[in-house]
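This report concerns only the one structure given below.
The values are calculated or read from the model by the stated rules, or taken from the named source; none is laboratory data. Note that the structure is predicted; figures quoted are calculated from it, not measured. Cβ atoms come from the backbone with ideal geometry, glycine included; neighbour counts cover every protein chain shown. Accessible surface areas use protein heavy atoms only, side chains included; no ligands, DNA or RNA. Shrake-Rupley method; radii C 1.70, N 1.55, O 1.52, S 1.80 Å.
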Amino acid sequence: MHSITDWLRGLSGPVVYAVIGGMVFTEDALFFSFFIPGETAAVLGGFIAHQGGASLGWMVLVVVCAAVLGDSAGYEIGRHLGPPILRTRPLRRHAKQVGTVRDLIRRRGPAAVFVGRFIAFFRPLVPSLAGMSRMSYCRFLFYNALGGVAWGVGFTLLGYFAGVAYTRVEGMVGGVAAIAIAVIVAIALLVWYLRRHRSRDHEPSDDSGGRNP
C-alpha cells in the first residue's frame with residue numbers, strides 16, 4: 001500500500017484523480033474487474049485523500065462519476081455490439097456466472113443494475129447485459145446513478161477511515177515497541193537472576209570447620 005500511495009502522491013493532483021477514475025471507469029466499461037477490482041481503486045482513492053494527496057470531496061465525486069459513466073459506456077457497448085461480447089475469452093470462461101446475471105436482469109429488471117453494482121463479478125457484466133436486453137436507458141440510468149452514488153461514497157469513505165485507523169496504529173507502533181522491548185529485557189534479567197540464585201543454592205558447602213574423626 002505504501003509504495004502505491006507514495007507513487008500517486010508524487011503525481012500532480014489532476015493525475016491522481018485521473019488514475020483512480022480511470023481504474024473505476026475501465027473496470028465497468030471494459031470488464032477490467034478481472035484484473036483491477038473497482039473497490040480497490042475507490043478505497044485507494046479514499047486512503048490517498050486521508051494522506052493529503054487529494055481532496056476527499058473531489059475524490060468521492062471522481063469515483064462516483066467514473067462509476068456511473070463506466071456503467072453507461074458498458075450499457076452502450078452491450079446495446080450496439082450485443083452477443084459477440086459473450087464470445088470473448090474471459091466471458092466464455094465464466095459462462096455460468098454470465099447466465100446467472102442474465103437471469104437476474106430478467107427477473108429483477110432495473111433493480112438488478114443497483115444490486116449488481118455491489119457484486120464484484122456482476123458489476124462489469126450487468127451494464128452490457130442490460131444494454132443487450134434493450135432495457136430503457138432512462139430506467140437504467142436511474143438505478144445506475146443510485147448504485148454509483150452509494151457504492152462510490154461508501155468505498156471511498158471506507159478507504160479514508162482506513163487511513164485514519166492506519167495513522168493511529170502507525171503512531172502507536174513506536175510506543176508499543178518500546179514497551180515490548182522493556183518487558184523482554186525485564187524478563188531476561190529475571191531469568192538470569194533466578195538461574196544464578198539456583199546455581200548458588202546447589203554449590204557444595206565448605207565443611208572445613210567440622211570435626212575430625
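Among residues of region 120-137 being open to solvent by less than 50 Å² (accessible area, probe 1.4 Å) and of a type in the set (Gly, Ala, Ser), the one that is nearest to the chain's Cα centre (by Cα) is Ser128. Every condition in (1) assigned to a helix (DSSP H, G or I); (2) farther than 17 Å from Ala49 by Cβ; (3) modelled with pLDDT of 85 or more holds for Gly159 except the one numbered (2). Restricted to helices (runs of 4 or more DSSP H) entirely inside region 46-114, those with at least 3 residues that are under 25 Å from Val149 (Cα atoms) are 56-81, 95-108. Restricting attention to region 81-119, the residues being surrounded by 16 or more Cβ atoms within 10 Å (Cβ to Cβ) and charged (D, E, K, R) number 2.
For every residue, the table says whether it meets (1) surrounded by 22 or more Cβ atoms within 10 Å (Cβ to Cβ); (2) of a type outside the set (D, E, K, R); (3) modelled with pLDDT under 80.
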{"position": "Pro14", "(1), (2), (3)": "no, yes, no"}
{"position": "Glu39", "(1), (2), (3)": "no, no, no"}
{"position": "Gly74", "(1), (2), (3)": "yes, yes, no"}
{"position": "Arg79", "(1), (2), (3)": "no, no, no"}
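If you go through region 138-159, how many residues are open to solvent by 10 Å² or more (accessible area, probe 1.4 Å) and not aromatic (Phe, Trp, Tyr)? Selection size over region 138-159: 11.
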